1. Out of all the residues in the range 30-62, which are without any contact (Cβ under 8 Å) to a residue 12 or more places away in the chain and either more than 21 Å from LYS86 (Cβ to Cβ) or touching a Pro at 6+ places or on another chain (Cβ under 8 Å) (or both)?
2. Restricted to the range 52-64, and to residues that are within 22 Å of the chain's Cα centre (by Cα) and among the aliphatic types (A, V, I, L, M), which residue is surrounded by the fewest Cβ atoms within 10 Å (Cβ to Cβ)?
3. Take the conditions modelled with pLDDT of 95 or more, more than 20 Å from the chain's Cα centre (by Cα) and part of a helix (DSSP H, G or I) and apply them to VAL44. Does it pass?
4. Taking the criterion of being in contact (Cβ under 8 Å) with a residue 40 or more places away in the chain, of a type in the set (D, E, K, R) and not in a loop (DSSP other than H, G, I, E, B), would at least one residue in the range 79-99 satisfy it?
5. Of a type in the set (D, E, K, R), more than 13 Å from the chain's Cα centre (by Cα) and over 22 Å from VAL44 (Cα atoms) - does that describe any residue in the range 122-130?
6. Which one of the conditions (1) modelled with pLDDT under 95; (2) surrounded by 12 or more Cβ atoms within 10 Å (Cβ to Cβ); (3) not in a helix (DSSP H, G or I); (4) not aromatic (Phe, Trp, Tyr) does LEU154 fail to meet, given that it meets all the rest?
7. Restricting to the range 58-77, name every residue that is under 17 Å from ILE20 (Cβ atoms) and basic (Lys, Arg).
8. Give ASN167, ASN184 a once-over and let me know the one that is of a type outside the set (D, E, K, R) and out of contact with any helix residue (DSSP H, G or I) (no Cβ under 8 Å at 6 or more places or on another chain).
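The values are calculated or read from the model by the stated rules, or taken from the named source; none is laboratory data. Just so it is clear, the model here is predicted, and its values are computed rather than measured. Glycine also receives a Cβ, built like all others from the backbone with ideal geometry; neighbour counts cover every protein chain displayed.
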Amino acid sequence: MSTIKKALQELFEHSGDATISQQQAAYMKNVCIFAGVKTPLRKVLQKKVFANFIPKTTDELIRNAQQLWNSPYREMQYSALDYLEKHKKLFSPKVFLILERMSEQIPWWDSIDYIATRLIGPLVIKYPQLLANIDAWKKNDSIWKHRIAIIFQLKYKKKTDAVRLFNTIIQYTQRTYEQPFWINKAAGWALREYSKTNPDVVRLFLDEQDTMLSPLTIKEASKYLFQ
């Protein structure tokens, strides 16, 4: 019997285009390998395969997603994330562990931002106790885990814990001019999104932290505040 990985990878390899593969890899700074399948086609192909691998339990969901993720192709890893999101009803705290592992394997903004906002975000709403896992990342040197900690509330709107958001940004942007682009950008992005819900609070935070935040963070955060 074919596995979900074998079924989908064979389709991607058959449908992939070498020129597209090179273009995709270059766009991602060559941090990962592509089969050369553009997103619209990938969605069509994975839909066919997903229909034959509907998980009945959380463990089955995790097992199938991990198979997809362990392919060398980035498109397969995108499919792994789509597969997890498609079956969010099966999420349990166990899923956090696989998401954490995925964030450590070939981490780049494309996978990290998906994991943070579309998977960890909803998972934490369902299981608030997982906030303790995110807080534990303060002792971790991974800028990608720090980015997740900053942006996982991106889609929360009125459910956003503003105190947590602001404290996390302060935590990870101390001496901010020395911080990586990915951290300063994430802080600005998170603040900009929250400013759509609570502009006065974000404006006050920017005023109070003006000397600590990078110009990039302030620029990104201010997009809707001073038009």
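1. ASN30
2. Looking at residues that are within 22 Å of the chain's Cα centre (by Cα) and among the aliphatic types (A, V, I, L, M), I get ILE62.
3. Working: modelled with pLDDT of 95 or more: yes; more than 20 Å from the chain's Cα centre (by Cα): yes; part of a helix (DSSP H, G or I): yes.
It is true that VAL44 is modelled with pLDDT of 95 or more, more than 20 Å from the chain's Cα centre (by Cα) and part of a helix (DSSP H, G or I).
4. no
5. Taking the range 122-130 first, the residues of a type in the set (D, E, K, R) are 126.
Now narrow it down to the ones that are more than 13 Å from the chain's Cα centre (by Cα): 126.
Those left that are additionally over 22 Å from VAL44 (Cα atoms): 126.
Yes, because at least one residue in the range 122-130 is of a type in the set (D, E, K, R), more than 13 Å from the chain's Cα centre (by Cα) and over 22 Å from VAL44 (Cα atoms).
6. Here LEU154 meets the rest and fails (1).
7. ARG74
8. Details: ASN184 fails: out of contact with any helix residue (DSSP H, G or I) (no Cβ under 8 Å at 6 or more places or on another chain).
Going through ASN167, ASN184 in turn, just one is of a type outside the set (D, E, K, R) and out of contact with any helix residue (DSSP H, G or I) (no Cβ under 8 Å at 6 or more places or on another chain): ASN167.
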